[in-house]
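Engineer: Right, I'll just put the structure down here and ask away after.
The values are calculated or read from the model by the stated rules, or taken from the named source; none is laboratory data. Nothing here was measured: the structure is a model prediction, and the numbers come from that model. Neighbour counts run over all protein chains shown; Cβ positions are idealised from the backbone, glycine included.
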Amino acid sequence: MLEDRVRELKEIIAGNDGRNAVDPLFARAVDDLVSAVYDDIGQIKDISTRALFDLFVIKVLYVGRRSSDAGIVDYLGRLLDNHLDTRDVFPPDEQGRPRRMYFSDMLDRGVKGRYQNAFEAYRRYADHALFVTGVFPESLRHRRQPRGTLRRRAARGVDAGYYVSTGKTMYRMAARHDLAGDTHQRETLAKLARYFELYMDALNEMSERYIMGFDMELIADKMLDCFNRYRQSRDETHITNARRYAAILRLDPVRFPALFPGN
């Protein structure tokens with residue numbers, strides 16, 4: 001089961017906390033799991049979203065950037081899983097349209113009972129900032145304003161720089177709060193503040209390759225594997241999956257008649 005294999009990787013990481021345990025065998029195991037996620041593209045994998053995010057974090061951060069902190073790997077996997085509902089990330093405005101948020105917005109929501117204390121507000125906003133800049137960086141790029149747009153309306157935009165600086169500050173404030181010690185998160189939160197850009201960069205890669213997009217090299221390999229299995233077995237399942245991978249790659253059916261006969 002894929003989820004059990006991800007759990008085994010996390011146990012290895014936890015057992016080597018403070019030093020990176022990546023060797024050729026570990027790296028191969030991670031690549032094999034990522035590859036397995038893309039197998040049988042027409043089926044739903046027996047893996048939870050949390051385990052899936054853990055796997056992607058291990059791939060881009062622990063293997064790709066040689067992180068050595070087991071707490072960070074676990075924290076980022078939980079952060080991604082907790083932010084699945086984008087309505088919490090981009091809450092609707094009065095017209096129902098998604099909007100960006102300032103820290104003051106979070107505090108306003110906290111006053112209404114959303115957060116139990118300042119520690120929770122600091123930590124949640126910092127998580128929000130890291131998630132947005134890491135997974136949705138394109139949403140923070142300045143767009144050209146239509147002619148006639150009021151200057152004050154443009155000034156209300158929240159850019160990536162705001163989220164990075166405020167997110168770092170909020171993680172730092174959360175790390176200094178008494179509850180950080182009580183919840184055993186002080187060191188993790190301090191590292192998130194200190195290396196915010198590093199984790200943001202890792203999430204950028206993860207989003208581009210695995211969440212908002214696909215690892216195109218892996219998809220191409222999968223397509224060819226399915227096609228070769230079809231040629232050997234003539235099992236229609238394999239050619240169907242090959243065509244699904246081809247659709248992701250946006251291949252022109254006319255140029256690939258072996259995959260799409262009759263086009």
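Engineer: Kindly indicate whether F196 is modelled with pLDDT under 90 and surrounded by 15 or more Cβ atoms within 10 Å (Cβ to Cβ).
Structural biologist: no
Engineer: Taking R123, is it more than 15 Å from E197 (Cβ to Cβ), modelled with pLDDT under 50 and part of a helix (DSSP H, G or I)?
Structural biologist: On the way: more than 15 Å from E197 (Cβ to Cβ): yes; modelled with pLDDT under 50: no; part of a helix (DSSP H, G or I): yes.
Spelling it out, it is not the case that R123 is more than 15 Å from E197 (Cβ to Cβ), modelled with pLDDT under 50 and part of a helix (DSSP H, G or I).
Engineer: I've got another one for you. Tell me which residues, restricted to the stretch 142-176, are among the aliphatic types (A, V, I, L, M) and modelled with pLDDT of 50 or more.
Structural biologist: Passing the criteria: V158, A160, V164, M170, M173, A174, A175.
Engineer: Filter the stretch 1-21 for residues that are of a type outside the set (K, R) and without any contact (Cβ under 8 Å) to a residue 40 or more places away in the chain; which is farthest from D32 (Cα to Cα)?
Structural biologist: In this case the residue turns out to be G15.
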